[in-house]
Amino acid sequence: MLDFLKGIGSGLSNGLTNLNNFAGEFKNLGGLIGGAGALYSAYQQQRNAKKQMDLQKEAFNFNKMLTQREIDRQNRADDDLYQAFRNSSYYRGA
């Protein structure tokens, strides 16, 4: 009976040793998965940064267009005022 229990203990010990060896072979698997996750995260971050840059370019171009429209409006108003003055009697000195 003592030999039987000794055999069970030895079997359990060998099983745990084999399990430990099996886990040791895959201990770097977590690092590999972590590295893949970091690469995917960096890829997503780069895509989001590109989208943000595109949105900033659009906002810049929109503001540039609004500014140019305002400048054109002011120039048109100045030209209209100048033309009105040239057509008036004050310009002719009457």
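Every read-out reported here was derived from the displayed coordinates using simple, explicitly stated rules and does not represent laboratory data. None of the values given here were measured: they were computed from a predicted structure. Backbone-built Cβ (ideal geometry, glycine too); neighbour counts: all protein chains shown.
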Compute the distance in nm between two label points, each set 7 Å from the Cα along the Cα-to-Cβ direction, one at residue 33 and one at residue 48.
2.3
For residue 58 and residue 81, compute 0.36 nm times the residue count separating them, minus their Cα-Cα distance, and round to one decimal in nm.
4.8 nm
